[in-house]
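In what follows, a structure is listed as structure tokens, so that the remarks can point back to it.
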Amino acid sequence: MLPPLKSLVAFEACARNQSISKAAQELHVTQAAVSQHIKTLEQFLGFALFNREHRRLTLSTAGQKYYPTVHQSLFAIRNQTQAMTHNNQAQQLTIKVNTSFAYFWLVPMLEDFYRKHPYINVRLHTDDWPQLEDNHSEADIEIVNGQGNENQYGELICKEYWVAVCSPSFYEAHCDQILSGAFDQLPGIYVRGYAEGWPEWLATHAFSCPSPNRQYEVGSTMMGLELAAKGAGVMLCRSLNAVPLLTNGEVIALSDKVMSAADCHYLSYNRHQAPPKVTLFTLWFKQQLLKKRPEDLFFKALEASQHHQINSRVSTS
């Protein structure tokens with residue numbers, strides 16, 4: 001016997017949003033209705049799907065095992081329904097996204113989206129700070145680099161951190177200055193537009209020295225990381241865009257010291273009036289992030305950087 005479909009839909013929305021209120025908003029029903037659907041499903045299964053502690057909603061061990069199957073099954077049903085009801089007619093989906101996120105994350109994943117939805121043509125509009133422009137209406141979806149706008153139904157992509165990076169060769173050549181915290185003696189790579197930077201990072205970790213010299217100033221994190229990978233200097237950047245280069249070893253972290261970022265990346269769209277093409281993309285995009293787990297990747301890469309730092313100290317001593 002299959003569980004009630006409405007209960008499965010409510011469970012999937014709650015698990016994905018980690019919130020009953022957000023699930024209710026997405027499904028256009030009351031919170032009480034969502035809670036009742038979850039209760040019905042738990043009674044049907046005979047085990048609890050969520051832990052409810054201190055107003056937090058987290059998946060139980062059983063819920064964690066059950067969620068991927070429910071999520072993927074509902075995703076497949078939505079996908080096939082979309083394909084059949086729109087007769088595979090080409091549709092254009094316009095996405096506004098900053099250049100660095102597009103290069104490091106979105107573009108490498110898009111081939112998978114095309115395979116699943118070949119009738120949706122993706123048009124990328126890249127800007128370093130897309131949320132500062134006035135023509136939001138041109139885009140179906142915006143990946144915002146900044147602070148989420150509740151009026152635009154912004155969904156946090158992942159928590160981010162500020163991390164100081166450089167190339168492995170630069171670290172070895174300037175190991176003494178880095179270990180002593182003499183960052184003002186190093187050439188710095190700066191990205192325009194951020195409210196936070198070296199002064200906040202240094203103060204957070206009780207360094208008394210000034211910021212690195214402003215040797216280079218660029219318009220995007222992508223350009224800054226390219227300079228850092230070539231050994232041009234030290235750079236403070238956010239973890240999400242640093243992950244690919246930290247993972248492949250083109251850059252390493254100067255230390256294990258990080259600072260939580262006030263600004264992050266958000267997925268922004270009109271959830272209540274989203275056409276099917278937007279729903280399909282956002283569901284696919286969030287599923288990809290669940291697989292990749294960028295925050296976990298960052299801390300794994302940070303640990304690998306620590307091993308490189310230790311080896312560099314040994315080789316220079």
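The values are calculated or read from the model by the stated rules, or taken from the named source; none is laboratory data. Everything numeric in this text was worked out from a predicted model, so none of it was measured. Cβ sites come from the backbone with ideal geometry, for glycine too, and all protein chains shown count toward neighbours. Calculation scope for accessible area: heavy atoms of the full protein, side chains included, ligands and nucleic acids excluded. Shrake-Rupley method; radii C 1.70, N 1.55, O 1.52, S 1.80 Å.
Listed values, structure above:
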quantity: Scope the range 144-167; condition at pLDDT 90 or above and outside any loop (DSSP other than H, G, I, E, B); matching residues; calculated: 161, 162, 163, 164, 165, 166
quantity: Checklist (1) modelled with pLDDT of 90 or more; (2) touching a strand residue (DSSP E or B) at 6+ places or on another chain (Cβ under 7 Å) applied to residue 91, failing item; calculated: (1)
quantity: Condition check for residue 62: open to solvent by less than 60 Å² (accessible area, probe 1.4 Å), part of a loop (DSSP other than H, G, I, E, B), over 21 Å from residue 286 (Cβ atoms) and modelled with pLDDT of 85 or more; calculated: no
quantity: Residue identified as touching a Lys or Arg at 6+ places or on another chain (Cβ under 6 Å), in a helix (DSSP H, G or I), of a type outside the set (Lys, Arg) and open to solvent by less than 70 Å² (accessible area, probe 1.4 Å) among 71, 37; calculated: 37
quantity: Close pairs from the range 288-317: first closer than 20 Å to residue 176 by Cβ and in a helix (DSSP H, G or I), partner modelled with pLDDT under 90 and among the small types (Gly, Ala, Ser), Cβ under 9 Å, at least 6 apart; calculated: 305/255; 306/255; 309/255
quantity: Count of residues meeting criterion [open to solvent by 50 Å² or more (accessible area, probe 1.4 Å), more than 16 Å from residue 220 (Cα to Cα) and at pLDDT below 90] in the range 119-132; calculated: 0
quantity: Filter result for the condition that a residue is polar (S, T, N, Q) and either out of contact with any helix residue (DSSP H, G or I) (no Cβ under 7 Å at 6 or more places or on another chain) or open to solvent by less than 10 Å² (accessible area, probe 1.4 Å) (or both), over 306, 287; calculated: 306
quantity: Tally of residues being buried (at least 17 other Cβ atoms within 10 Å of the Cβ) and either small (Gly, Ala, Ser) or within 19 Å of residue 62 (Cβ to Cβ) (or both) across the range 20-30; calculated: 3
quantity: Which numbered condition residue 170 misses (of (1) at pLDDT below 95; (2) over 19 Å from the mean Cα position of the chain (by Cα); (3) not acidic (Asp, Glu)); calculated: (1)
quantity: Tally, over the range 2-34, of residues that are part of a loop (DSSP other than H, G, I, E, B), under 16 Å from residue 69 (Cβ atoms) and either touching a Gly at 6+ places or on another chain (Cβ under 6 Å) or without any contact (Cβ under 8 Å) to a residue 12 or more places away in the chain (or both); calculated: 1
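Okay, residues lined up against (1) at pLDDT 85 or above; (2) more than 15 Å from residue 243 (Cα to Cα); (3) among the acidic types (Asp, Glu):
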residue	(1), (2), (3)
283	yes, yes, no
292	yes, no, no
295	yes, no, yes
298	yes, no, no
312	no, yes, no
